[in-house]
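The values are calculated or read from the model by the stated rules, or taken from the named source; none is laboratory data. Note that the coordinates shown come from a computational prediction; the quantities given were computed from them, not determined experimentally. Heavy atoms of the whole protein, side chains included, go into the accessibility calculation; ligands, DNA and RNA do not. Shrake-Rupley method; radii C 1.70, N 1.55, O 1.52, S 1.80 Å.
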Amino acid sequence: MTAKTQQMGKPRALMVEAWRWSLSMALLAMLAACGGGGTAVVDLVPVPVPVPVVSNCYDGAVANALGADDPFFVNAWHLKNTGPNQIVSADANDGVAGIDANVENVHRAGKGCTGKGVTIAIVDSGLEIGHEDLADNVVAGKSWNFSNNTSDPSPALKQSSVDHGTGVAGVAAARGWNGKGSRGTAPMASILGFALIADGDPAAGTTASDMNYLSFGARLLADATRSVVALFGNRADAAAIFNFSAGADYAGPAAVSDLDPMELAAKYGATNLRSGLGAVYFQSAGNEFMEMQEGKLPDGTQMSVACAALLESDVDLLGGELSNPLGMTCGSPNHEPSGKPFFYQVAAIHNTGKASSYSSAGASNWITGFGGEDGTDQAALISTDNSGCTSGENNTNNKITLLTKIGNAMSKLIADLFGDPASKDLNCNYTGRMNGTSAAAPSVSGIAALMLEANPKLTWQDVGYILAKTARKLDANIAHGENAVTFLPTAGTIAWNIEDPWITNAAGFNFQNRYGFGLVDADAAVKLVKSYTAPAGRRAASLVAAGSAATSSQFASVGLNLSSVVFKETGAVSGQMRLDLALTNNTGVDVNPGFLQFVVENTVTGTKSILLPAFTSWYAGGKSFPIKKAGGQQQFRFHTNAFYGEAITGTYKVYVLDFSKASGGPGKTLSFTPTLTSASL
């Protein structure tokens, strides 16, 4: 599977084949249980215990081996943003001071919390383990290349663009204070590289399922009869953090499964690794806000979608007026039903304090990291490139192409100078064009490593909670006022929100679909670690409640399909919420799923969440793959973090809004009985 880099799209996961393993069916049932009505135990996560502070790294007295400062650090806005006068590797700099990871006071010039003793697994296309700015942090002999079953996942000697995993690794853990390159957000963390999404085929006898199990720390779930399992061994067992800057894009609803190997692997790792405290998993949210290059369709084919242009051309077919189509997302991390709640999904921001133009919005987003823009007109991130001037992004063969693209603006670049004698990088080992949510995810993975150095007793859920609690709200007017995204049906009286603005839920958490809980803040997170007590309401099990059969009516020229779900448990609080429903089309006409909008409301607190808006890339794919009339069915699974921390007791309304107006009233129903699952806080 080809790894896609930069804002053209995050690398997407393997096409998962039918998987085979020898685990007993009894254990499989426990791992994959999805519950029924009432309350059910569906997770194997142990109840956390109080966590003591066990490190004084924040005090700045750690004896790290330090050398010269890193030459590109002064240009690394994501580490320290000094504003528009900062010299960055781009034609222009509209940066806002302080829009950075806020790591300076945590690193304390290399004597503070730097991720020392914490291992990050880079699950990606590969990793150049001998790179001058990575080698000192690479755990010797513990990485893996599934193509040849060796411990060296380094990329081919000559590539035309940066090896994705090598660039990702540099954002997380390029070595600090060694006089080379820039530095990672965790510049002394240890790193592993598992080449799960490398170009080419895996070695004979290696299945995609086993590659997922091994790469994400669940070797006991892999098929032990296969040689790769024994060869891989315990390489991932010591990883505290897994970074996966990849996923899948969909132009139509994806198949829903409780047996997805990646999700089962992360569930296992969150339950068993780190002596039961759980490994922490981060995944990029996607680069499809504006368009989608390879959207999967239900028949296995793909299509590209430019949502805003399509909606503009179809203006007379929408049945109403869509305001601000440029302000709504084309792709959504909620298009991908698997992985959650174990993978924290990471969106991207630019140095201006607003979302990167490509960063996908979705209710499953957790946190925002640093992705920048393209690294030519506006700054991206400076990170590790393939070594040498004949491979990678900073490859002399790319010089003419880049010069043609940006002309005189090339004189403004700091990196990507192709070995120019006046550059800081004579050997072409770095690039200033690492971007995308692929860069945002490792920027947060590195910050999680700082947290775990400061307190190794944090559970995986503690890390997520602290990130959410300390995140910074920004871009206050997104999807609000003149930036609102609404749909007004013809002859309708209500302009329906298609994108939610910021909310503050009843537990005090700020949330917005494009940013999750907000921008990551390393200093605030590590400070909280020092005085942290696990929140009340933790439990070992998820809570599951089945709803009533949906009713259908016409309301303000919209098909309103509505069900209620009741959680009766008292004293419990919500973590990430999952909605499952199997929808049957009884309307008498085919229904394009892109006209449907899925909303959940907590009637006690008033918190509402658009789990999936209408008019995403599904609208394009739905033209060819509608939900068929006369009983056609489609299963959906979505996740939202909007209710995080709220008391769970009470009634939730589940809305399926049908902007096609096909449904509404007797004989014109979209019938479903929803199930809500609340993970632990």
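In whole percents, the pair-distance distribution calculated for the chain from its alpha-carbon pairs, binned every 20 Å from zero, is 20, 55, 24, 1.
Given 25 °C and 0.890 mPa s, how large is the Stokes-Einstein diffusion coefficient of the stretch 485-564 in µm²/s, with Rh as the Kirkwood radius over Cα pairs?
Diffusion coefficient, whole number: 141 µm²/s.
In the chain, the portion of solvent-accessible area held by carbon and sulfur atoms comes to 54 percent [1.4 Å probe, whole percent, DNA, RNA and ligands not counted].
Of Lys568/Lys653; Lys473/Lys527; Lys340/Lys469; Lys80/Lys457; Lys80/Lys608, which pairs sit farther than 24 Å apart, going by alpha carbon to alpha carbon?
Distance filter (> 24 Å) returns Lys80/Lys457; Lys80/Lys608.
Of all DSSP beta bridges located in the stretch 335-462, what percent are antiparallel, nearest 5?
45 percent
The shape of the stretch 280-320 comes out prolate: with a ≥ b ≥ c from the C-alpha gyration tensor, a/c is at least 1.5 and a/b beats b/c.
Residues in the stretch 426-506 average 30 Å² of solvent-accessible surface per residue, probe 1.4 Å, ligands and nucleic acids excluded.
Each residue of the stretch 524-681 gets 128 Å³ once the volume of the Cα convex hull is shared out per residue.
Taking all Cα pairs closer than 8 Å and separated by 6 or more residues, the relative contact order of the chain comes to 17 percent.
Per-residue ellipticity at 222 nm, computed for the chain from helices alone with -39500 (n - 2.57) per DSSP H run of at least four residues, works out to -4500 deg cm²/dmol. For Phe242, nonlocal amide neighbours, meaning residues 5 or more places apart or on other chains whose placed amide H falls under 5 Å from its own, are Ala121, Val280, Tyr281, Phe282.
Where a ≥ b ≥ c are the square roots of the eigenvalues of the C-alpha gyration tensor, would you call the stretch 81-141 rounded, which needs a/c under 1.5, or, failing that, prolate if a/b is larger than b/c, or oblate? Oblate, because a/c is 1.5 or more while a/b does not exceed b/c. Residues Thr401, Thr185 ordered from highest to lowest accessible area at a 1.4 Å probe: Thr401, Thr185.
Rg and Dmax of the stretch 400-482, based on Cα coordinates, read 19.7, 52 Å. Amide H contacts of Leu273: Gly278, Ala279, each under 5 Å away and 5 or more positions distant or on a separate chain (H built 1.01 Å from N in the peptide plane; Pro and chain starts excluded). Look at where the Cα atoms of the stretch 604-628 and of the stretch 476-540 average out, and the two centres are 19 Å apart. Under the rule a/c < 1.5 gives rounded, and otherwise a/b versus b/c splits prolate from oblate, where does the stretch 248-288 land using the Cα gyration tensor? Oblate is the answer for the stretch 248-288, as a/c is 1.5 or above yet b/c matches or exceeds a/b.
Within straight-line reach of Lys158, meaning a Cα separation under 28 Å, sit the following lysines at least 8 residues removed in sequence or on another chain: Lys4, Lys10, Lys142, Lys180, Lys399, Lys405, Lys412, Lys424. Using every pair of separate Cα atoms, the Kirkwood estimate puts the hydrodynamic radius of the stretch 83-204 at 15.6 angstrom.
Amide H contacts of Ile191: Ile120, Val138, Val139, each under 5 Å away and 5 or more positions distant or on a separate chain (H built 1.01 Å from N in the peptide plane; Pro and chain starts excluded).
Where both bridge residues fall in the chain, DSSP classifies roughly 70% of the beta bridges as antiparallel.
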